[in-house]
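Structure record follows, encoded as structure tokens.
The values are calculated or read from the model by the stated rules, or taken from the named source; none is laboratory data. Since the structure is predicted, the reported quantities are computational estimates derived from the model, not experimental observations. Neighbour counts are summed over all protein chains in view; Cβ atoms, including those assigned to glycine, are modelled from backbone coordinates with ideal geometry. Each accessible area value is taken on the protein alone, full model and side chains, heavy atoms only, with ligands, DNA and RNA left out. Shrake-Rupley method; radii C 1.70, N 1.55, O 1.52, S 1.80 Å.
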Amino acid sequence: MTIPTPSSSPILLSKCIVFPDQPSSVADLKLSVSDLPMLSCHYIQKGCLFTSTNLDQISLLDLLKSGLSRALSRFPPLAGRLVTDDHGYVYIKCNDAGVEFIHANACEFFVRDLLVPGDLPEGFKEFFAFDRMVSFAGHFSPIMAVQITFLADGIFIGCSVNHAVTDGTSFWNFFNTFAEECKAAKSTTTTKTITITPTPDFRRDSVLVSPAVLRLPPSGPEVTFSNDVPLRERIFSFSRESILKLKAKTNEKKLVDNGDLTVTAVEIMGKQSNDMYCQNNGKVGSIFDSWYKNDTVTKQHADSEAISMTTISSFQSLCALLWRSVTRARKLPPNKTTTFRMAVNCRHRLEPKLDPYYFGNAIQSIPTYASAGDVLSRDLRWCAEKLNENVIAHDNGMVRRFVENWEANPGMFPLGNADGASVTMGSSPRFPMYENDFGWGRPLAVRSGRANKFDGKISAFPNREGGGSIDLEVVLAPETMAGIESDSEFMQYVTAPN
């Protein structure tokens, strides 16, 4: 189901540059090996939908501009520009050049129009500046733009940020700070009662900062995927209860005793009173007590073989479910190699660890490969274990190997789905997207623009209800989307819209 698109795009009412309220003391920041490949990606476009505030438009705009100005003083790189020196190194010049601030009117839209179930309304795509702008453009355009769009009964605050400057962690740290500064100014109490996000860490002293040079054409790189193929996009929501049910399904362990007997964890737990294992000094019961409490436990067999019993996470279970459903819907040949890419945060994986508030890109993309035949003929746990093994293996040594491989052959991040058999998972349900309170309550919804959208691009958001519930923003070819919408294995876990 889609809503009729209003006859016109939002009306631009004003545009200006907002500057930091304090001069920057941050030196120029060299782009890292995680930043540079993003120069060919579109600007990140994320924003929040709110109901109307009790402020008139002029007062609200003044509040947002002043809050943005103060937030930029804490994030000087966002108010800078990209520069490339004579040696080919790219830097963020923290020169206080400012960010673009846009005021637009889309009073043909009501909040309810934008929250209908089914395919996402195209209206959201009009609420962001720098539409499909490539991040290299930060050399001659602002690194960030904020667009405030007034609806008939609400507002949308959209933020477009250069992807070579920030990843999702840095983006939402800034967005939270922006909201906190506005709330502090709006509050009638002292600002000491307002929680402020910690100051970002701008240090560039890790292995991610490399002497390698990425050679770029004078006109800059282009995106590595087509912008013109037909796509469908919708949000699939998964409640906490549904996620727990899926995780339990994924973690049905199978135990084999000398090849003679196969039982699942659920079967053992349901038959503890008479199961042959439980008669052996209650060892199996204690094993499964440990399984629910810990990530990994091991059962020793009589022949001293050990079977690893790793608990698959909720999110990995969900990724495995999606991998199977998309592969099935694409009707791929059994011998076709499929790829599931997951973006991982490297801040805590490196040794020594990066600060949790390290500013910049600190992500790497982990590919997991399997034939379409294996993805569909094996069970959900098999797919989830493949993903889990790669995530666990991505430790300090693996992060450093990724860096070394890039240094040996510097290049752009290959976004897209060139072989028609890939899924790329981005963003994170752990990001604090619904903690943005500008002074009039939490967002009704978090949405994105057209940036970096291609067949197989998935973005994970926390659901507004919290408690471990998750939203997946799914972008697929129309026939593939129709396939997963009729996939009973997938849809049984999807929460029906209210």
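Give the relative contact order (percent, whole number) for segment 73-137; include only Cα pairs under 8 Å separated by 6+ residues.
Values: 45 pairs, mean separation 14.4, N = 65.
It rounds to 22 percent for segment 73-137.
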Legend entry - For segment 406-444 versus segment 56-77, the gap between their alpha-carbon centres in whole angstrom: 25
Inset, instruction - Could you give the size of the charge dipole of the chain about its Cα centre, using +1 on the Cβ of each K and R and -1 on the Cβ of each D and E, expressed in debye and rounded to the nearest 20? - result: 260
Legend entry - Counted charge near residue 439, where neighbours are those whose Cβ lies closer than 12 Å (Asp, Glu -1; Lys, Arg +1): 0
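For segment 317-462, what is one quarter of the convex hull surface built on the Cα atoms, given in nm²? If you can, show how the numbers build up before the last one.
Numbers: hull surface 43.1 nm².
The directionally averaged projection comes out at 10.8 nm².
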Inset, instruction - Specify whether the C-alpha gyration tensor of segment 1-108 places it in the rounded, prolate or oblate class, a ≥ b ≥ c being the square roots of the eigenvalues: rounded for a/c under 1.5, otherwise prolate if a/b is larger than b/c and oblate if not. - result: oblate
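Sort 231-238, 215-222 by the packing proxy (mean of other Cβ within 10 Å over each peptide's residues), most packed first. Could the numbers behind the result be given before it?
Values: 231-238: 19.6, 215-222: 11.0.
Highest mean packing first, the order is 231-238, 215-222.
May I ask for the net charge around residue 352, where only other residues with Cβ less than 13 Å from the Cβ of residue 352 are counted and Lys, Arg are +1 while Asp, Glu are -1?
Working: positive: 203, 347, 349, 353, 400; negative: 201, 205, 351, 355.
Every neighbour counted, the sum reads +1.
Please give the charge dipole size of segment 340-498, origin at the Cα centre, charges +1 on K and R Cβ atoms and -1 on D and E Cβ atoms. Round to the nearest 20 debye.
Numbers: 16 positive and 20 negative charges, 86 e Å.
The calculated dipole for segment 340-498 is roughly 420 debye.
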Inset, instruction - Using just the helices of the chain, give the 222 nm mean residue ellipticity in deg cm²/dmol: DSSP H runs with n ≥ 4 each add -39,500 (n - 2.57), and the total is spread over all residues, rounded to 500. - result: -8000 deg cm²/dmol
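With an 8 Å cut-off on Cα pairs and a minimum separation of 6 or more residues, tell me the relative contact order of segment 90-225 in percent.
Numbers: 128 pairs, mean separation 31.0, N = 136.
Relative contact order here is 23 percent.
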Legend entry - Long pairs among 247/457; 353/386; 183/247; 249/336, criterion Cα-Cα beyond 30 Å: 183/247
Inset, instruction - State to the nearest 20 debye the size of the charge dipole of segment 349-416 about its Cα centre, where the only charges are +1 on K and R beta carbons and -1 on D and E beta carbons. - result: 60
Legend entry - Solvent-accessible heavy-atom area per residue, rounded to whole Å², over the chain at 1.4 Å: 43
Legend entry - residue 51-residue 122 FRET efficiency (beta carbon distance; Förster radius 22 Å; 0.05 resolution): 0.55
Legend entry - Förster radius 51 Å - calculated FRET efficiency between residue 488 and residue 222, Cβ distance, rounded to 0.05: 0.80
Inset, instruction - With unit charges on the beta carbon (Lys/Arg positive, Asp/Glu negative), name the residue among 127, 50, 179 whose Cα is farthest towards the positive pole of the charge dipole of the chain. - result: 179
Legend entry - Dipole of the chain [Lys/Arg +1, Asp/Glu -1 at C-beta], most positive-end residue of 226, 348, 152: 348
Inset, instruction - Compute the distance in nm between two label points, each set 7 Å from the Cα along the Cα-to-Cβ direction, one at residue 331 and one at residue 369. - result: 2.7
